[in-house]
Amino acid sequence: MSENTTPSAAPAANVAEPMGAPPSPLRETWDYFRKNRGAYVGLIVIAIILFLALTAQWIAPYDPIAQDRTAFLKPPIWMDGADPRYILGTDAVGRDILSRLIHGAQLSVSIGVFVVILSMIAGIVLGMVAGYFRGWVEVGIMRLMDIMLALPSLIMALAIVAILGPGLENAMLAIAIVQLPHYVRLTRASVVSELNKEYVIASQIAGAGHVRQMFVNILPNCMAPLIVQGTLGISSAILDAAALGFLGLGAQPPLPEWGTMLSEAREFVGSAWWVITFPGLCILVTVLAFNLMGDGLRDALDPKMKR
Amino acid sequence: MLGFLFRRLGDIIPTFFGVTLLVFFLIRLIPGDPILMLAGERGVDAARYAELQAQYGFDQPIIVQYFDYLMGVFQGDLGKSFVTKKPVLDEFLVLFPATVELGLTGILFAVCFGVPFGVLAAINRGKWIDHLTMSVSLTGYSMPIFWWALLLIMFFSTTLGWTPVSGRLSVMYYIEPTTGFMLIDTLLSDEKGAFISALRHMILPTIALGTIPMAVIARMTRSSMLEVLGEEYIRVARAKGLSPLRVIMVHALRNALIPVITVIGLQVGVLLAGAILTETIFSWPGIGKWIIEAMNRRDYPTIQGGILMIAFLVMGVNLIVDLLYGVVNPRIRHKR
Amino acid sequence: MALLEVKNLTVEFGSEDKPFRAVDSVSYSIDRGEVLGIVGESGSGKSVSSLAVMGLIDFPGRVTADALTFDGQDLLGMPAKRRREITGKDIAMIFQDPMSALNPCFTVEAQIMEALKVHEGGSKKQRRERTLELLNQVGIPDPKSRMTAYPHQLSGGMSQRIVIAMAIACKPRLLIADEPTTALDVTIQAQIIDLLLKLQEDSDMGLLLITHDLALVSEAANRIQVMYAGQLFESGPADSIFSAPRHPYTQALLEALPERSEGHDRLRTIPGVVPGQYDRPAGCLLAPRCRYANESCVAARPEVSDFNGRDVRCFYPLNDQGQPTGLNTGGTV
């Protein structure tokens, strides 16, 4: 994904607008976003997934880890030999797949959001410090990020999990660390380009302190590319977390994490298609939705693309 | 050109040391005493403990330890596996060809489908083939490949019975490894049908591994092609009375592929990460599966060595891609 | 018979029901050995009309004409393959910006030889010799060493010479030069124009010179066409257009020339810009910018009509004194 999204020069808002009040930046972005059908669909899907995640406790028909010993590996209800109580069938120990998928949405969404928030906060601080103070601080931080980028993200995450030990929290921490360089680089690039703008110099003369300069004055002008990267980061966090779960290093059974579910279902590849198909489909749809929205946001926020 | 090479090497050296440092401290960060962990549940007495500590150099100051480690790396010594007691580098080299073979077929698949479809989408912009290519590409890009591999197995292996489920070769054959590349080894051998068997074993892992790079390459080719097609020299080429095919294949593609080559180079990391998942699912005896097994067994020297080698590999390939970029792009080649 | 005959050429973009006419019923013809100048501001449709002659208007654009013939052959009706045999061989084109007209990935030699290979065949050795000859012809110093150069190693003037060599490689009978000097340094401009005219004279080519530079075209061309917003506004012999413009727009263009502004404090300009897709006036397209415009100009669009032997699109063509005729009030300046 592009960490080279060039930092937006604060868009000189509608200089050439001949008539009428210029639309507010938010409004304008929304209009662009809405014209992109893919992004719109992505947003709707994300809304549905969010709804399912937030209401999982009440919506899911069964407890996701309750085992029904009378119904092992029952197919979905439209198949022969189905158990009418379980819409999408059951897994090898008689757990309702639909309920597990809905609770899985809760897990995946929280993984994605938590990882991105964690990584973004740390990344912004590091990138801001590097870009604001320059000098050896910058060289040190950026070199470290280069080194982290020399390793493929999943392998880096595996290495960190290998140190911390398997488990959901550790996997999330590992993915957050892996994503860090993207935010650091983006923030630093934006800050460096903002630093020479007159508003920064003006408030410096007015006596603004370093912290105020960095986080009150400069940061808001660097947010557009970060928001795009964050959205795309959610999708890769969900994907990586599922991969770690699948390898047995992420969420541990019986947690209904989608990747972990697939890992447990692997042995039924020849006999029970539903235990494999549905969790993967959920991952694909969720990741796709966030990618679509990220792409749409990028197009809407990137001033170069406008007009 | 030489200056360009040296400049790139200059960029890489700090990263090289950084990676060794990172990998070195990886082990030190593990909670718990590595020697006690090595000894397992049997435990060790104090004398044996001291002996082991000296053997692994854990009694030295950390700077000395790192220096020793670095010296070892330069001499090709990545330590010995806790489990098999064999040198890590030897194990790596035995398994490496299998991963390379899979990686090469994967990237070949990705390029062979990604580039043509990207071109087709670009020249048919806004038509159904463009929408189809872009939808497939976006889906492929978002695909969890471990699931995709399982789907492929489910459909082609267990339902249709067209391809084998796992491994590199049917157990009917035994091939003495000469190059380590199964496709070449089977061709060289006298065993009839071994090559076909090896080929059939390759198909699904190749598709599983190549899908994400294919999606990325198709997208990149399309956007790069669209940009080039708007250039004046394309119009000039058409004004020469060249056939549309020649304009696209000779004038547009050559220029459009320049950024695509960089993207192909960047896929090496994606491929290696994908190899971990693909090899695990297809029981493919390569370094991906090896590292995962090492992680499950907490075989730290192997994890450490494996990660270091992968990092070197990615850095090396990126360097090669940069140089290749200079070859295809005259503007870079001539820059002093 | 004229070499190139264009009758009511129209090029449209956009949807069928609300098309944008980039070129609106333009007619002209050009004979062998003749230099025709097409003049107009940016956006006047002069480049688009020449692209239509070359067959380089792509799908969303629609080209229609009552006649578009080259040497008696109908260019629009013929199969694409046949047309490509003519383009690049009998009709060649030189583009505005030489720096972007050359493919950055190929050497000078390869790009010139390509046209030769496609249209004339012959051995590689013959083609190479011909290329060398061409580079000599367009005045490139030390042509041998330039053969293997890449475009980024050449200056703008040098690139334009290469582009010209590329265009005349197959000895075209008609050469279209679309603003061949706009992107070049002033010192180089005259050299390039001289080169073009010399090549034109030597091989008796027809030359279609498209430019916004009226001074340039007045020296080079036999006849001149003035275009505005896709329409033909005035056409006639070069010297008479210069001495006695019949269209207010031509008059204004001439007055904007620096040498005609002597005695004035500043250069005279034409206020406003050429109307685009969305701001076309209902009446005469020039009306918002014309100093003589009145209600009838705003109400209806004038057609091209004959005025003292010249084609003019104006309700009130100018007389020899530069005053509009047929206006009752006389002078609404």
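The values are calculated or read from the model by the stated rules, or taken from the named source; none is laboratory data. This structure is a prediction, so every number in the text was calculated from the model and none was measured. Positions of Cβ are backbone-derived with ideal geometry, glycine not excepted, and every protein chain shown enters the neighbour counts.
Overview of results
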{"item": "Lone unmet requirement of (1) outside any loop (DSSP other than H, G, I, E, B); (2) farther than 20 Å from A:Ala265 by Cα for A:Ser99", "result": "(2)"}
{"item": "Lone qualifier among B:Val268, B:Val216, B:Val236 - being assigned to a helix (DSSP H, G or I) and either within 14 Å of chain C (Cβ to nearest Cβ) or surrounded by fewer than 18 Cβ atoms within 10 Å (Cβ to Cβ) (or both)", "result": "B:Val236"}
{"item": "Of all residues in the range C:77-89 being assigned to a loop (DSSP other than H, G, I, E, B) and facing another protein chain (nearest Cβ under 8 Å), the one that is surrounded by the fewest Cβ atoms within 10 Å (Cβ to Cβ)", "result": "C:Lys89"}
{"item": "Condition met for A:Leu118 (farther than 30 Å from A:Pro220 by Cα, outside any strand (DSSP E or B) and either of a type in the set (A, V, I, L, M, F, W, C) or modelled with pLDDT of 90 or more (or both))", "result": "no"}
{"item": "Only one of C:Leu254, C:Leu285 that is at pLDDT 85 or above, touching a strand residue (DSSP E or B) at 6+ places or on another chain (Cβ under 9 Å) and of a type in the set (A, V, I, L, M)", "result": "C:Leu285"}
{"item": "Criterion (β-branched (Val, Ile, Thr), more than 30 Å from A:Val184 (Cβ to Cβ) and at pLDDT 90 or above) met by exactly one of A:Thr55, A:Thr70, A:Thr90", "result": "A:Thr55"}
{"item": "Residue within the range B:183-192 that is touching a residue at least 12 places away in the same chain (Cβ under 8 Å) and of a type in the set (Lys, Arg) present", "result": "no"}
{"item": "The range B:219-233, residues that are more than 10 Å from chain C (Cβ to nearest Cβ) and either touching a Pro at 6+ places or on another chain (Cβ under 6 Å) or not in a loop (DSSP other than H, G, I, E, B) (or both)", "result": "B:Arg219, B:Met220, B:Thr221, B:Arg222, B:Ser223, B:Ser224, B:Met225, B:Leu226, B:Glu227"}
{"item": "Residue tally, condition farther than 24 Å from C:Glu201 by Cβ, not in a helix (DSSP H, G or I) and not aromatic (Phe, Trp, Tyr), over the range C:99-150", "result": "12"}
{"item": "Tally, over the range B:143-166, of residues that are part of a loop (DSSP other than H, G, I, E, B), crowded, with 16+ Cβ neighbours inside 10 Å and more than 9 Å from chain A (Cβ to nearest Cβ)", "result": "2"}
{"item": "The lone exception for C:Glu16 - which of (1) over 25 Å from C:Thr250 (Cβ atoms); (2) part of a helix (DSSP H, G or I); (3) in contact with a Lys or Arg (Cβ under 9 Å, 6 or more places away or on another chain) it fails", "result": "(2)"}
{"item": "Residue among A:Glu194, A:Glu169, A:Glu198 that alone is loosely packed, with under 15 Cβ neighbours inside 10 Å, more than 30 Å from B:Phe25 (Cα to Cα) and of a type in the set (D, E, K, R)", "result": "A:Glu198"}
{"item": "Qualifying position, being in contact with a Cys (Cβ under 9 Å, 6 or more places away or on another chain) and modelled with pLDDT of 85 or more, among C:Pro248, C:Pro237, C:Pro317", "result": "C:Pro248"}
{"item": "Residue that is over 17 Å from the mean Cα position of the chain (by Cα), of a type in the set (Gly, Ala, Ser) and buried (at least 19 other Cβ atoms within 10 Å of the Cβ), where the choices are C:Ala52, C:Ala92, C:Ala65", "result": "C:Ala65"}
{"item": "Pairs where the first residue, in the range B:273-290, is within 11 Å of chain A (Cβ to nearest Cβ) and the second is part of a helix (DSSP H, G or I) and among the acidic types (Asp, Glu), C-beta under 6 Å, 6+ apart", "result": "B:Gly288/B:Glu279; B:Lys289/B:Glu279"}
{"item": "Hits in the range A:56-97 - residues which are surrounded by 13 or more Cβ atoms within 10 Å (Cβ to Cβ), free of Cβ contacts under 8 Å to residues at least 40 places away in the same chain and farther than 19 Å from A:Pro254 by Cα", "result": "A:Ile77, A:Ala82, A:Asp83, A:Arg85, A:Ile87"}
{"item": "Test: B:Gly76 is surrounded by 17 or more Cβ atoms within 10 Å (Cβ to Cβ), modelled with pLDDT of 80 or more and either assigned by TED's automatic domain parsing to the domain that holds B:Ile184 or not in a helix (DSSP H, G or I) (or both)", "result": "no"}
